[in-house]
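Before any comments, here is the structure.
Here, each number is a calculation from the coordinates, and none is a lab measurement. Predicted, not measured: the structure shown is a model, and the values here were computed from it. Neighbour counts run over all protein chains shown; Cβ positions are idealised from the backbone, glycine included.
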Amino acid sequence: MTFTKVVAFVFLMVSNLTIAQITGKIEDTSDSYPLEYATAALYNQKDQSLVTGVITDINGAFTIENIKNGHYYLEASFVGYTTKTIRDIEISRGHKKKDLGVIKLVLGNQLNEIEIRAERATQINKIDRQVFDSRSFQNSQGGSATDVIKNLPSVSVDGLGDIRVRGSKGFAVLINGKPTQGDASAILAQLPANALERIEIITAPSAKYDSEGKGGILNIITKEGATNGTYAQVNLRGGFPSIEPYDTQEPAQRYGVDATINSKTDKWNLSFGTSYQRNDKTGRREGKLYIIDKVEDKQTFLPSDGERSFDDISYNGRFTVDFTPNKKDEFSLGFFAGKHTKDRLADITYYDNHSISPIGSNNRDYTFSYYNHNLRTRKGDFVLGSFDYGHTFDNEAKLSTSFLYEYTFLGGPTYNDNVDTPAYNVIYQEEYNTNDNPLHGLRFNLDYKWKPFSFGTLETGYQFRDLNHDGEFVYERDGIVVPEFSSKIELNRTLHSGYGQLTGNQGNWGYAAGLRLESMERSYTEALVSEVVPNKYNYDFVKLFPSASLQYSVNEDTKIKAAYSKRVERTTTLKMNSFAEREHSEVFEQGDNRLLPEFIDLVELGIDKKFNNNTSGYATAYYRHVDNAINRVNTLAYESNGAIMDSIINRVYSNVGKSKAIGLELGTQFKMTQNWSNFIGANVYNHTIKGDFEFRHRDDITRNYNVNSSNTIYSFNVNSTYSFWENASLQFTFNYLFETNTAQGQDSPFYSPNLTFKKAFLDNRLVATLQWQNIDMGLLNSNEQSIATSRPDEFYTYTNYVYEVDMITLNVSYTFNKVKNKSKFIESEFGKKEF
């Protein structure tokens with residue numbers, strides 16, 4: 001062999017052994033959301049053998065190193081998404097780096113080419129969150145976000161409409177990833193279900209999120225897309241007449257309309273929306289109150305029954321303008337103005353069993369009957385403005401800023417009148433409370449994200465929040481101001497926080513670790529209108545809030561993860577106002593001016609498993625520990641001289657000690673047949689509250705109470721859908737919450753069955769949804785829950801709330817242009833928490 005041939009042979013061998021690199025990015029096709037920890041598997045196209053595989057980083061990007069010359073194909077996959085195959089990838093001399101670009105995955109199972117529709121997965125798991133497709137829950141159409149999330153396994157909703165995540169009422173809400181500070185129930189009740197794309201539950205949030213929320217975070221993602229054009233949709237909703245009237249003074253009215261117009265070009269995205277919703281709820285309230293006064297040797301028994309209904313009206317207008325002049329800069333301007341009014345009517349008869357007698361005796365010293373008219377109005381008029389700017393640098397680093405200002409007027413009076421019964425012509429007492437409390441809120445965020453290391457992405461940021469909330473409360477009895485109950489309050493709270501967060505992956509491992517430092521200054525003042533100098537209560541802290549998460553991919557179908565997060569649940573003005581308000585004839589409600597925030601530790605360990613194309617499931621064990629646990633508790637009400645009031649209970653918000661929850665959350669989705677799909681979620685946990693609290697009456701009477709409560713609680717949600725043909729389906733849902741313990745008692749089980757029929761017309765532009773909610777038919781106790789509290793030898797309370805069942809509603813939605821919607825609107829951040 002000549003020297004020339006030897007050189008040529010060696011060169012050929014080296015060329016064949018030269019290694020190359022394959023890069024790409026995996027995203028959700030519906031909204032270009034990066035799929036972190038998705039799998040990119042490379043196969044030899046000749047014999048279909050697996051060459052290697054990697055998982056994506058936080059930006060959905062992947063890099064496959066050391067690839068020899070040859071022909072390959074790549075499979076991109078993620079649990080809950082359709083696997084996508086990229087074929088004919090050629091690595092040869094002169095092509096040492098192959099960029100596959102953006103690979104879009106569809107949420108749901110891949111169907112054969114002859115099929116004309118796709119089925120989306122109800123739920124998927126990521127390293128730090130669970131993601132639920134809101135469109136899978138047809139019973140929510142035409143309703144609010146609350147109607148969507150009550151179907152999720154982590155969430156339960158009780159008879160009063162209170163929402164819990166893993167048993168906790170305290171959780172934060174994000175709208176399209178942006179933080180809010182509103183009350184979760186109020187925010188979700190005003191978001192139309194039709195506008196939702198998906199909901200993400202972040203049960204152990206990282207340090208880059210605000211530390212608020214002891215149950216974690218709900219991230220509400222609204223419908224959006226990337227297609228240029230004009231989109232318009234109108235939704236009309238109407239409720240059929242009530243089947244069961246519950247003897248209310250007025251029938252419930254349920255109707256609404258919401259409209260969205262969205263126009264997008266390469267540089268501009270303009271969104272306009274308006275909504276008017278009326279969601280009345282009728283029902284009844286049955287109660288018993290039993291009080292023991294050992295000092296006076298008497299016992300009081302107070303039974304009651306009557307109407308408890310809600311008139312709920314909200315309307316608003318809003319717009320958002322997004323401007324992207326180039327690939328590096330993004331601007332967004334938002335405005336929102338709206339009104340929300342909620343009237344709670346409780347017209348209760350306290351009938352002739354209302355009696356006072358010696359303890360242990362049936363001989364009545366006193367018997368009395370009367371009728372109580374109690375109307376509480378709560379209003380929330382919101383005006384908000386926001387501005388956001390983001391800049392991406394040449395090295396892919398990104399700087400983001402966000403500014404939000406909110407003015408909210410919260411208010412509304414409470415009327416409490418006692419008259420004779422059944423004639424209703426003698427007025428015993430008229431009481432009137434004002435409740436005017438305007439709020440100003442300000443938030444500023446500055447965030448920076450870049451990748452200085454090969455093993456991860458670094459994120460840092462600063463946040464400033466400022467809240468000023470005033471309140472003026474005038475208490476009148478029979479037209480005369482009662483100075484000892486009329487007051488003024490003011491809450492000022494300033495927050496500074498900074499964080500650092502590292503996120504990355506190596507091989508089959510994914511990890512994230514962060515630390516948030518928060519400084520809070522809280523000043524609360526209150527005074528009676530007769531007092532010149534107010535009482536002032538200050539509370540400050542500087543604390544660290546660490547977080548960490550770890551995920552290991554056993555294989556493409558199995559992932560194990562663990563996480564830890566420290567959180568805080570801050571106090572609201574409502575829970576700090578120590579001046580009593582007449583909530584009912586037999587109830588005063590007040591807060592604690594020294595109330596401390598709750599501090600929470602969250603730990604979880606979980607596994608996600610895909611069994612086949614039709615079945616997947618997950619299980620997550622979790623532990624939550626709460627210091628300074630806040631509960632609403634009952635105490636005896638006292639006169640100024642220290643005597644017990646015969647038939648009045650004080651309902652107080654107070655720190656009651658420590659609480660903990662140890663639980664297991666399970667979920668599975670499967671198909672019984674090709675047309676019958678199911679999703680079942682369950683949550684079981686042991687909830688314990690232990691400690692004591694000190695209640696200080698304004699007359700300087702101080703009493704200590706012990707708390708020791710424990711119970712094992714479970715809830716489950718069933719979602720079963722049968723598709724008759726490509727544009728019609730029937731869905732049955734069932735939500736169940738077992739008996740729940742509180743600091744002083746327990747809430748009874750609560751459940752709600754629902755049935756929905758959905759049919760699309762005109763190439764899916766027109767969609768009609770017929771709903772049968774809270775199915776009862778006189779055979780069940782749907783939408784009904786009792787609440788009992790007690791303290792030995794002092795009091796016993798029992799209240800049963802019976803709300804409307806067998807409600808039938810029709811929702812009709814028409815889309816004028818099938819271009820995907822990219823509407824995004826801002827939401828209240830401060831005021832809704834107080835509403």
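Tabulated data
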read-out: Other-chain or far-sequence residues with amide H under 5 Å of Thr83's (modelled H); value: Gln110
read-out: Packing-based ranking, highest mean first, of 40-47, 281-288, 443-450 given that Cβ atoms within 10 Å are counted; value: 281-288, 443-450, 40-47
read-out: Peptide ranges 713-722, 333-342 listed from the most packed, as the mean C-beta count within 10 angstrom indicates; value: 713-722, 333-342
read-out: Extension gain from Met777 to Glu739, taking 0.36 nm per residue of separation minus the Cα-Cα distance; value: 11.4 nm
read-out: Mean projection area, nm², convex hull over Cα of region 381-503; value: 12.4 nm²
read-out: Gain on full stretching of the segment that runs from Tyr722 to Asp88 - 0.36 nm per residue minus C-alpha separation; value: 224.3 nm
read-out: Options Asn754, Gln731, Asn717, ranked by Cα towards positive dipole end of region 706-778, top entry (Cβ charges); value: Gln731
read-out: Full-stretch length increase - Asn708, Val684 - with 0.36 nm per residue and alpha-carbon distance subtracted; value: 6.6 nm
read-out: Given Lys98/Lys559; Lys264/Lys327; Lys566/Lys658, the pairs whose alpha carbons are separated by over 20 Å; value: Lys98/Lys559
read-out: Pair Glu286, Phe541: separation of 7 Å Cα→Cβ label points (nm); value: 4.3 nm
read-out: Rounded FRET efficiency, nearest 0.05, which uses the C-beta distance separating Val383 from Leu666 and R0 of 45 Å; value: 0.55
read-out: Nitroxide proxy distance, nm - points 7 Å out along Cα→Cβ at Asp305 and Ser523; value: 5.4 nm
read-out: Links that overshoot a 24 Å alpha carbon limit, given the list Lys288/Lys339; Lys104/Lys759; Lys25/Lys451; Lys339/Lys758; value: Lys288/Lys339; Lys104/Lys759; Lys339/Lys758
read-out: Summed side-chain charge close to Phe62 - residues other than Phe62 whose Cβ falls under 13 Å, Lys, Arg +1, Asp, Glu -1; value: -4
read-out: Inverse mean reciprocal Cα-Cα distance (Kirkwood Rh) of region 35-107, Å; value: 12.7 Å
read-out: Spin-label model distance (nm) - Thr421 vs Leu550, 7 Å beyond Cα toward Cβ; value: 6.2 nm
read-out: Rounded FRET efficiency, nearest 0.05, which uses the C-beta distance separating Val321 from Gln48 and R0 of 45 Å; value: 0.35
read-out: Phe335-Lys759 FRET efficiency (beta carbon distance; Förster radius 25 Å; 0.05 resolution); value: 0.10
read-out: Ranked Lys294, Lys566, Lys543, criterion: other C-beta atoms within 10 Å, fewest first; value: Lys294, Lys543, Lys566
read-out: Amide hydrogen neighbours beyond the local backbone of Lys298, cut-off 5 Å, H modeled; value: Asp293, Ile359
read-out: Dimensionless Rg ratio for region 477-606, taking C-alpha atoms and the 2.2 N^0.38 Å reference; value: 1.65
read-out: Taking Arg166, Arg765 and counting other C-beta atoms within 10 Å, the order from fewest to most; value: Arg765, Arg166
read-out: Karplus-derived HN-Hα couplings along region 231-247 (A = 6.51, B = -1.76, C = 1.60, θ = phi - 60°), whole Hz, x at Gly and Pro; value: 10, 9, 9, 10, 10, 10, 9, x, x, 6, x, 4, 7, 10, x, 6, 6
read-out: Estimated vicinal HN-Hα couplings, Hz - region 451-465 in sequence order (Karplus 6.51, -1.76, 1.60; Gly, Pro = x); value: 10, x, 10, 6, 9, x, 9, 10, 10, 9, x, 9, 9, 10, 10
